[in-house]
Amino acid sequence: LIDPSFRAVFSAGNGEVEVYEMFISPEWDGLTISSLLDGCNDTICVALTRAGRAELPTPNTLLKSGDVLTVSATLEGVRSLRAKLQEGKEK
């Protein structure tokens, strides 16, 4: 199953690194970007869009439901991030 809240928007090289947009669900509301990416090696935050305005966030930026987080990751990085997001939905 493909999660519609998580999509690739750019691929670099031969696809070794890709840029993804992900929509922040209520489960992650109020948590920091660093807590979301903790344990997700080869994944970095590129931008955060909130209410139509983009910014360069810090690791301590608080997430809000409805934010669009843009991350860059390797295949392994995106796998671990997707697993973490799925784990959050099951709690």
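Answer yes or no as to whether residue 52 is within 15 Å of residue 67 (Cβ to Cβ), out of contact with any His (no Cβ under 7 Å at 6 or more places or on another chain) and surrounded by fewer than 11 Cβ atoms within 10 Å (Cβ to Cβ). Steps first, answer last, please.
Details: within 15 Å of residue 67 (Cβ to Cβ): yes; out of contact with any His (no Cβ under 7 Å at 6 or more places or on another chain): yes; surrounded by fewer than 11 Cβ atoms within 10 Å (Cβ to Cβ): yes.
Against the criterion (within 15 Å of residue 67 (Cβ to Cβ), out of contact with any His (no Cβ under 7 Å at 6 or more places or on another chain) and surrounded by fewer than 11 Cβ atoms within 10 Å (Cβ to Cβ)), residue 52 qualifies.
Quick one: count up the residues across the range 16-27 that are at pLDDT 90 or above, open to solvent by less than 60 Å² (accessible area, probe 1.4 Å) and either small (Gly, Ala, Ser) or over 16 Å from residue 73 (Cα atoms) (or both).
Residues that pass the stated criteria total 1.
Can you find a residue in the range 38-51 that is hydrophobic (A, V, I, L, M, F, W, C), at positive phi and more than 11 Å from the chain's Cα centre (by Cα)?
Checking the range 38-51: at least one residue is hydrophobic (A, V, I, L, M, F, W, C), at positive phi and more than 11 Å from the chain's Cα centre (by Cα).
If you scan the range 55-73, which residues turn out to be of a type outside the set (Gly, Ala, Ser), over 20 Å from residue 10 (Cα atoms), in contact with a strand residue (DSSP E or B) (Cβ under 8 Å, 6 or more places away or on another chain) and open to solvent by 30 Å² or more (accessible area, probe 1.4 Å)? Please lay out each step first, then the result.
First pass over the range 55-73, keeping only residues of a type outside the set (Gly, Ala, Ser): 55-64, 67-71.
So of that shortlist, the ones also over 20 Å from residue 10 (Cα atoms) come out as 58-64.
Subset that is in contact with a strand residue (DSSP E or B) (Cβ under 8 Å, 6 or more places away or on another chain): 59-64.
Listed by number, the residues that qualify are 59, 60, 62, 64.
The values are calculated or read from the model by the stated rules, or taken from the named source; none is laboratory data. Only a predicted model underlies this, so the values are computations on that prediction, with no experimental measurement involved. Heads up, the Cβs are rebuilt from the backbone with ideal geometry, glycines too, and the neighbour counts pull from every protein chain shown. Just so you know, the surface numbers come from the protein's heavy atoms only, side chains and all, with ligands and any DNA or RNA stripped out. Shrake-Rupley method; radii C 1.70, N 1.55, O 1.52, S 1.80 Å.
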